[in-house]
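Worksheet for the structure shown next.
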(Lines give C-alpha, C1' and ligand atoms only; values in the text may rest on other atoms or scores of the structure.)
Protein backbone atom coordinates (compact mmCIF):
# COMPACT_ATOMS: atom_id res chain seq x y z
CA UNK A 1 0.00 0.00 0.00
CA UNK A 2 1.37 3.40 -0.90
CA UNK A 3 1.93 5.89 1.87
CA UNK A 4 0.84 9.46 1.13
CA UNK A 5 2.61 11.03 4.09
CA UNK A 6 4.76 9.44 6.77
CA UNK A 7 3.82 9.69 10.39
CA UNK A 8 5.61 8.61 13.44
CA UNK A 9 5.23 5.50 15.38
CA UNK A 10 4.00 5.88 18.77
CA UNK A 11 5.84 3.24 20.55
CA UNK A 12 9.13 2.12 19.20
CA UNK A 13 6.68 3.96 17.60
CA UNK A 14 4.78 4.44 17.74
CA UNK A 15 7.13 1.76 19.68
CA UNK A 16 6.50 2.78 19.86
CA UNK A 17 10.43 0.70 20.20
CA UNK A 18 10.26 1.64 16.58
CA UNK A 19 13.46 1.22 14.66
CA UNK A 20 12.56 3.21 11.57
CA UNK A 21 9.51 4.86 10.15
CA UNK A 22 9.41 5.49 6.45
CA UNK A 23 7.02 5.46 3.55
CA UNK A 24 6.94 2.20 1.68
CA UNK A 25 9.09 3.05 -1.32
CA UNK A 26 12.32 1.11 -1.78
CA UNK A 27 14.33 4.26 -2.29
CA UNK A 28 13.24 5.63 1.07
CA UNK A 29 13.78 2.33 2.84
CA UNK A 30 17.39 2.34 1.63
CA UNK A 31 18.06 6.03 2.30
CA UNK A 32 21.19 6.95 4.24
CA UNK A 33 20.81 8.84 7.52
CA UNK A 34 24.07 10.75 7.82
CA UNK A 35 23.10 12.93 10.77
CA UNK A 36 21.43 10.21 12.79
CA UNK A 37 23.46 8.62 15.53
CA UNK A 38 25.13 5.44 14.32
CA UNK A 39 23.43 2.61 16.17
CA UNK A 40 25.64 -0.04 17.68
CA UNK A 41 25.93 -2.25 20.75
CA UNK A 42 22.39 -3.67 20.67
CA UNK A 43 21.00 -4.84 23.97
CA UNK A 44 17.75 -6.62 24.88
CA UNK A 45 14.99 -4.92 26.85
CA UNK A 46 12.12 -6.90 28.35
CA UNK A 47 9.07 -6.17 30.45
CA UNK A 48 6.18 -8.16 31.93
CA UNK A 49 2.89 -6.95 33.42
CA UNK A 50 3.19 -3.66 31.56
CA UNK A 51 -0.46 -3.11 30.64
CA UNK A 52 -1.44 0.43 31.61
CA UNK A 53 2.09 1.57 32.44
CA UNK A 54 3.35 4.94 31.28
CA UNK A 55 6.05 5.52 28.71
CA UNK A 56 7.28 8.42 26.62
CA UNK A 57 9.15 9.08 23.40
CA UNK A 58 11.21 11.95 21.99
CA UNK A 59 12.39 12.12 18.38
CA UNK A 60 15.49 14.15 17.58
CA UNK A 61 15.43 15.14 13.90
CA UNK A 62 17.96 16.54 11.47
CA UNK A 63 16.86 18.38 8.35
CA UNK A 64 18.13 16.96 5.04
CA UNK A 65 19.01 18.79 1.81
CA UNK A 66 16.00 17.26 0.04
CA UNK A 67 13.59 18.73 2.62
CA UNK A 68 13.17 15.48 4.50
CA UNK A 69 14.40 14.56 7.96
CA UNK A 70 16.27 11.73 9.63
CA UNK A 71 17.04 11.13 13.27
CA UNK A 72 16.96 8.89 16.30
CA UNK A 73 14.17 8.27 18.68
CA UNK A 74 14.50 7.84 22.41
CA UNK A 75 11.87 5.91 24.35
CA UNK A 76 11.44 5.31 28.06
CA UNK A 77 9.83 1.89 27.78
CA UNK A 78 11.63 -0.66 29.89
CA UNK A 79 12.05 1.88 32.71
CA UNK A 80 9.70 2.10 35.68
CA UNK A 81 9.11 5.09 37.94
CA UNK A 82 8.84 5.49 41.70
CA UNK A 83 6.23 8.24 41.37
CA UNK A 84 2.74 8.31 39.86
CA UNK A 85 2.06 8.25 36.13
CA UNK A 86 0.55 11.70 36.45
CA UNK A 87 3.73 13.13 37.94
CA UNK A 88 5.88 11.69 35.15
CA UNK A 89 3.33 12.94 32.59
CA UNK A 90 3.84 16.43 34.02
CA UNK A 91 7.62 16.08 33.79
CA UNK A 92 7.34 15.04 30.16
CA UNK A 93 5.03 17.91 29.24
CA UNK A 94 7.42 20.39 30.88
CA UNK A 95 10.37 19.47 28.65
CA UNK A 96 11.40 22.30 26.34
CA UNK A 97 12.07 21.48 22.69
CA UNK A 98 14.35 24.52 22.38
CA UNK A 99 16.43 23.38 25.35
CA UNK A 100 16.78 19.90 23.84
CA UNK A 101 17.82 21.29 20.45
CA UNK A 102 20.50 23.42 22.07
CA UNK A 103 21.79 20.60 24.27
CA UNK A 104 21.78 17.78 21.72
CA UNK A 105 22.20 19.68 18.47
CA UNK A 106 19.17 18.52 16.49
CA UNK A 107 17.18 20.69 14.08
CA UNK A 108 13.82 19.63 15.47
CA UNK A 109 12.23 17.71 18.31
CA UNK A 110 8.94 15.83 18.33
CA UNK A 111 7.25 14.73 21.57
CA UNK A 112 5.30 11.49 21.35
CA UNK A 113 3.19 11.01 24.43
CA UNK A 114 2.26 10.66 27.18
CA UNK A 115 1.50 7.05 26.26
CA UNK A 116 0.24 3.93 28.01
CA UNK A 117 1.18 0.38 27.07
CA UNK A 118 -1.79 -1.80 26.08
CA UNK A 119 -0.11 -5.19 25.63
CA UNK A 120 0.82 -7.20 28.73
CA UNK A 121 4.49 -7.69 27.96
CA UNK A 122 7.23 -6.94 25.47
CA UNK A 123 10.70 -7.82 24.33
CA UNK A 124 12.68 -5.38 22.23
CA UNK A 125 16.14 -4.27 21.17
CA UNK A 126 17.71 -1.00 22.26
CA UNK A 127 21.15 0.30 21.28
CA UNK A 128 24.19 2.05 22.75
CA UNK A 129 24.55 -0.70 25.33
CA UNK A 130 21.28 0.42 26.96
CA UNK A 131 22.91 3.60 28.21
CA UNK A 132 20.22 5.96 29.43
CA UNK A 133 19.68 9.58 28.41
CA UNK A 134 18.06 11.27 31.41
CA UNK A 135 15.75 14.14 30.45
CA UNK A 136 13.87 15.94 33.23
CA UNK A 137 14.26 12.89 35.49
CA UNK A 138 12.89 10.52 32.81
CA UNK A 139 15.32 7.84 31.55
CA UNK A 140 15.29 7.07 27.81
CA UNK A 141 16.93 4.36 25.69
CA UNK A 142 17.79 4.95 22.05
CA UNK A 143 15.70 2.43 20.12
CA UNK A 144 16.29 3.24 16.49
CA UNK A 145 16.31 5.63 13.56
CA UNK A 146 13.53 7.04 11.48
CA UNK A 147 13.05 8.96 8.25
CA UNK A 148 10.28 11.24 7.00
CA UNK A 149 9.95 12.90 3.58
CA UNK A 150 9.13 16.40 4.89
CA UNK A 151 10.79 17.97 7.91
CA UNK A 152 8.33 20.88 8.00
CA UNK A 153 5.22 18.75 7.75
CA UNK A 154 6.44 16.35 10.38
CA UNK A 155 7.42 18.95 12.94
CA UNK A 156 4.29 21.08 12.50
CA UNK A 157 1.50 18.55 12.17
CA UNK A 158 0.17 15.40 13.81
CA UNK A 159 1.03 11.98 12.40
CA UNK A 160 -1.19 10.85 9.58
CA UNK A 161 -4.07 8.61 10.68
CA UNK A 162 -5.45 5.51 8.97
CA UNK A 163 -2.51 5.08 6.63
CA UNK A 164 -0.35 1.97 6.60
CA UNK A 165 3.18 3.00 7.63
CA UNK A 166 6.42 1.04 7.65
CA UNK A 167 7.95 0.50 11.07
CA UNK A 168 11.37 -1.19 11.06
CA UNK A 169 12.14 -2.58 14.47
CA UNK A 170 12.72 -5.81 16.34
CA UNK A 171 10.18 -6.51 19.05
CA UNK A 172 7.61 -8.90 20.47
CA UNK A 173 4.37 -7.81 22.14
CA UNK A 174 2.40 -10.34 24.20
CA UNK A 175 -1.28 -10.34 25.19
CA UNK A 176 -2.57 -12.73 27.84
CA UNK A 177 -5.57 -15.01 27.38
CA UNK A 178 -8.76 -13.29 28.52
CA UNK A 179 -7.64 -9.78 27.55
CA UNK A 180 -9.82 -7.52 25.43
CA UNK A 181 -7.94 -6.43 22.31
CA UNK A 182 -8.74 -3.48 20.08
CA UNK A 183 -8.24 -3.75 16.33
CA UNK A 184 -8.53 -1.85 13.08
CA UNK A 185 -9.36 -3.67 9.86
CA UNK A 186 -8.34 -2.11 6.55
CA UNK A 187 -10.55 -2.14 3.45
CA UNK A 188 -8.38 -5.01 2.18
CA UNK A 189 -9.07 -7.04 5.32
CA UNK A 190 -5.67 -6.66 7.02
CA UNK A 191 -5.94 -6.63 10.83
CA UNK A 192 -3.95 -4.26 13.06
CA UNK A 193 -3.95 -4.78 16.84
CA UNK A 194 -3.43 -1.91 19.29
CA UNK A 195 -0.34 -2.22 21.50
CA UNK A 196 -0.14 1.31 22.90
CA UNK A 197 -2.45 4.28 23.38
CA UNK A 198 -1.75 8.00 23.39
CA UNK A 199 -3.02 10.63 25.79
CA UNK A 200 -1.52 13.50 23.77
CA UNK A 201 -4.61 14.30 21.68
CA UNK A 202 -7.14 13.39 24.36
CA UNK A 203 -5.92 13.13 27.99
CA UNK A 204 -9.05 11.12 28.79
CA UNK A 205 -8.06 8.39 26.34
CA UNK A 206 -7.07 6.01 29.13
CA UNK A 207 -6.96 2.23 29.45
CA UNK A 208 -10.22 2.45 31.42
CA UNK A 209 -11.93 4.36 28.59
CA UNK A 210 -10.81 2.08 25.76
CA UNK A 211 -14.18 0.23 25.74
CA UNK A 212 -15.75 3.48 24.43
CA UNK A 213 -13.16 3.99 21.69
CA UNK A 214 -15.36 2.64 18.91
CA UNK A 215 -17.92 5.39 19.56
CA UNK A 216 -15.21 8.06 19.43
CA UNK A 217 -13.41 7.05 16.24
CA UNK A 218 -14.18 8.59 12.87
CA UNK A 219 -13.20 5.87 10.43
CA UNK A 220 -12.52 6.35 6.72
CA UNK A 221 -14.73 4.55 4.24
CA UNK A 222 -14.05 0.83 4.20
CA UNK A 223 -12.25 0.71 7.56
CA UNK A 224 -13.64 -1.11 10.59
CA UNK A 225 -12.94 -1.16 14.32
CA UNK A 226 -13.60 -4.12 16.60
CA UNK A 227 -13.03 -5.38 20.13
CA UNK A 228 -12.64 -9.04 20.96
CA UNK A 229 -11.64 -11.14 23.94
CA UNK A 230 -8.83 -13.57 23.14
CA UNK A 231 -9.10 -17.13 24.46
CA UNK A 232 -5.37 -17.87 24.30
CA UNK A 233 -2.14 -15.92 24.58
CA UNK A 234 -1.40 -13.81 21.51
CA UNK A 235 1.97 -12.58 20.25
CA UNK A 236 2.76 -9.74 17.83
CA UNK A 237 6.31 -9.87 16.55
CA UNK A 238 8.43 -8.00 14.05
CA UNK A 239 11.99 -8.02 12.79
CA UNK A 240 14.00 -5.04 11.58
CA UNK A 241 15.05 -6.88 8.43
CA UNK A 242 11.65 -8.41 7.63
CA UNK A 243 10.57 -8.48 3.98
CA UNK A 244 7.91 -7.21 3.57
CA UNK A 245 8.65 -4.88 6.47
CA UNK A 246 6.52 -4.63 9.58
CA UNK A 247 3.74 -2.06 9.37
CA UNK A 248 1.62 -0.05 11.77
CA UNK A 249 -1.46 2.19 11.68
CA UNK A 250 -2.33 5.16 13.89
CA UNK A 251 -5.89 6.24 14.56
CA UNK A 252 -7.00 9.85 15.03
CA UNK A 253 -5.97 9.77 18.71
CA UNK A 254 -2.48 8.49 17.82
CA UNK A 255 -3.19 5.06 19.31
CA UNK A 256 -0.75 2.63 17.72
CA UNK A 257 -1.73 -0.66 16.03
CA UNK A 258 0.67 -3.26 14.62
CA UNK A 259 -0.08 -5.63 11.75
CA UNK A 260 -1.38 -8.94 13.08
CA UNK A 261 -0.73 -11.62 10.47
CA UNK A 262 -2.42 -14.28 12.58
CA UNK A 263 -5.74 -12.47 12.99
CA UNK A 264 -8.77 -12.92 10.73
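The values are calculated or read from the model by the stated rules, or taken from the named source; none is laboratory data. What you see is a predicted model; the values in this text were computed from it and never measured. Here the Cβ positions follow ideal geometry from the backbone for every residue, glycine too, while neighbour counts run over all protein chains shown.
Name the residue, out of 117, 175, that is modelled with pLDDT of 90 or more and closer than 12 Å to residue 77 by Cβ. Exactly one of 117, 175 is modelled with pLDDT of 90 or more and closer than 12 Å to residue 77 by Cβ, namely 117.
Being at pLDDT below 95, part of a loop (DSSP other than H, G, I, E, B) and on the phi > 0 side of the Ramachandran plot: is that true of residue 14 here? For residue 14, the condition - at pLDDT below 95, part of a loop (DSSP other than H, G, I, E, B) and on the phi > 0 side of the Ramachandran plot - is met. For segment 187-218, the tally of residues that are in contact with a strand residue (DSSP E or B) (Cβ under 8 Å, 6 or more places away or on another chain) and surrounded by 13 or more Cβ atoms within 10 Å (Cβ to Cβ) stands at 18.
Between 249, 235, the distinction of being modelled with pLDDT of 95 or more and either outside any loop (DSSP other than H, G, I, E, B) or surrounded by 13 or more Cβ atoms within 10 Å (Cβ to Cβ) (or both) belongs to 235 only.
Residues in segment 219-232 that are surrounded by 13 or more Cβ atoms within 10 Å (Cβ to Cβ), under 14 Å from residue 190 (Cβ atoms) and touching a helix residue (DSSP H, G or I) at 6+ places or on another chain (Cβ under 9 Å): 225 alone. Among residues that are in contact with a strand residue (DSSP E or B) (Cβ under 9 Å, 6 or more places away or on another chain), assigned to a loop (DSSP other than H, G, I, E, B), farther than 21 Å from residue 257 by Cα and modelled with pLDDT of 90 or more, residue 49 is not included. Put simply, of 183, 208 the only residue that is under 15 Å from residue 260 (Cα atoms) and at pLDDT 95 or above is 183.
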